[in-house]
Amino acid sequence: MEILSQIWSFLGLLTVLQNVLPTQLVSLLHSFYESIQDFFSPYSYFEIPEFNGYCGVDVNDLYRHVNLYLNSINSSSTCRRLTLSRSKSSNRISYTVAPNQMVHDDFRGHHLSWTHQVDNVQDSVEEKRSFTLKLPKRHRLELLNPYLEQVTARAEEFERVSRERRLFTNNGHGSYESGWSSIPFHHPSTFKTLALEPELKTQLMDDLTAFSEGKEFYHKIGRAWKRGYLLYGPPGSGKSSLIAAMANFLCYDVYDLELSKVSDNSELRALLIQTTNRSIIVIEDIDCSINLTGDRMTKMRNNQSVHKKNQHHVIGNNTEDNGRVTLSGLLNFTDGLWSCCGEEKVIVFTTNHKDNVDPALVRCGRMDMHVSLGTCGMHAFRVLVKNYLGLDSHVLFDVVESCIRSGGTLTPAHIGEILLRNRRDADVAVKAVLTAMQAKILGAEVDATEGRHEYDELARTPESIGRILMESPDNLSEGSPEKKKKKEGSTWDKNVKLLVRLKSLTKSDSGRRGV
């Protein structure tokens, strides 16, 4: 009790001295006391304010990283009070350490702690916020920089994964402050649901992972941190779905660049500068967007011939080229000096006809990886059946595989539409796809008037395949014996024989199931 009395007496004396002594002297004594305390303390303290400087305008990025880092390590297990919130730009609930609360952390076998300091500013409603890091004084030199690097890296990764992704499109005003407008990007496509062969899936995911983790490697070899992909294949082969799966896999924003809305090369550069890091820049149907692909040597020869006939006419053409996006401007966009504006960007071109794209656009260094997307193999078909019908197997899968090997392959979009239409009955859906495959083997052609395939119509009524079989060359031939003999060895006969066998297999499988 005597010791407590002396402490209270000392505190009372300090209060009296604080009221009597000049303010400058009190501040000097307080600083002297803190210096003595720091000298004998085994810990070092580092303050990270919310704003840099004294004006409170320049935001301290490290403060934001610390806040994100404490979210990523699940501070609720070591902190008693948290402030919960959720913003429109995030898909999860985030929390902030409540004022004057402490969070503990471990790094390289040492115990560290963060304290969220919140002080009221005198004569103001504003608050002064900061984080204070406490770590062992003896190891501060070997711990501080590596630990802060870990905080920054983990915070950026947490922000990338948790933030809401957006889909951008150019609005035709690229030379202004913002040439892009955006909406939230919630496409459900993933590599798990994508109808691709497993080898191609693995190759793409490994390549994307190596790219996203290759910052130091790209800087070391002196290359811009970007990657180019050319996706080519027939309509409905899944090019757009693959782009969405890539964006979901990397957690990147998507910029859908419509070249027809870009007036000239200057606007194209302005749009590129406005794109953010960690984004996918997409130009779909590159061969149809604008007239810039093709054989440049042919164009040069044509210009030379026109020059001999009318020099003035050539000058007029050059003036028109200066007022639009040119091939050289697009090349500079993908692999020129302007392509290094920003980091961690993926550029994707799509086309239905690879041969129509200028070779300069798709060479290595611009389009690093060429991905051929076509009709469904057996593995891709199984993925689609699993997605649409929830089936892992079916008795007709062997028959489907025989059709695929015989040339009856369909695009993922076509199979998906048939399965979607018949999704209420799995047996009918698989039979409908099988019928469409069989019809394709028979050589059904596109109905130009209706804009659809004949075998798409056959898929609506599987029984109609029997009518096709009844119309075999043997039944339809009414001409001379020479014509009939000529048709006996034709491809039609081979297809009919194959389909008769497949049809018998289908019936036998249906009989076993009692369908």
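The values are calculated or read from the model by the stated rules, or taken from the named source; none is laboratory data. Quantities reported herein were computed from a predicted structural model and do not represent experimental measurements. Glycine gets a Cβ as well: all are built from the backbone with ideal geometry, and neighbour counts include every protein chain shown. Accessible surface is based on the protein model in full, side chains and every heavy atom, while ligands, DNA and RNA are left aside. Shrake-Rupley method; radii C 1.70, N 1.55, O 1.52, S 1.80 Å.
Worth a mention:
- None of 269, 278 is in contact (Cβ under 8 Å) with a residue 12 or more places away in the chain, closer than 25 Å to residue 371 by Cβ, open to solvent by 60 Å² or more (accessible area, probe 1.4 Å) and out of contact with any strand residue (DSSP E or B) (no Cβ under 6 Å at 6 or more places or on another chain) except 278.
- Scan segment 224-247 for residues that are without any contact (Cβ under 8 Å) to a residue 60 or more places away in the chain and farther than 19 Å from residue 370 by Cβ and the total you get is 1.
- Screening segment 35-108 for strands (runs of 3 or more DSSP E) wholly inside it with 3 or more residues that are hydrophobic (A, V, I, L, M, F, W, C), on the phi < 0 side of the Ramachandran plot and at pLDDT 85 or above returns the ranges 102-107.
- Looking across segment 393-428, not a single residue is surrounded by fewer than 17 Cβ atoms within 10 Å (Cβ to Cβ) and touching a strand residue (DSSP E or B) at 6+ places or on another chain (Cβ under 8 Å).
- On inspection, residue 366 does not qualify as open to solvent by 30 Å² or more (accessible area, probe 1.4 Å) and within 22 Å of residue 440 (Cβ to Cβ).
- Filter pass, residue 185 being open to solvent by less than 40 Å² (accessible area, probe 1.4 Å), modelled with pLDDT of 90 or more and in contact with an Asp or Glu (Cβ under 9 Å, 6 or more places away or on another chain): yes
- Single residue of segment 341-363 satisfying the filter (part of a helix (DSSP H, G or I) and either open to solvent by less than 40 Å² (accessible area, probe 1.4 Å) or among the basic types (Lys, Arg) (or both)) that is farthest from residue 282 (Cα to Cα): 360
- Residue 232 falls short on exactly one of the conditions (1) touching a Lys or Arg at 6+ places or on another chain (Cβ under 6 Å); (2) open to solvent by less than 20 Å² (accessible area, probe 1.4 Å), and that condition is (2).
- Residue satisfying condition, being closer than 27 Å to residue 417 by Cα and either open to solvent by 50 Å² or more (accessible area, probe 1.4 Å) or not small (Gly, Ala, Ser) (or both), within set 167, 259: 167
- In segment 109-125, residue farthest from residue 143 (Cα to Cα) [restricted to those that are modelled with pLDDT of 85 or more and of a type in the set (Val, Ile, Thr)]: 118
- For segment 210-229, the candidate set comprises residues that are small (Gly, Ala, Ser) and buried (at least 16 other Cβ atoms within 10 Å of the Cβ); within that set, the residue that is nearest to the chain's Cα centre (by Cα) is 212.
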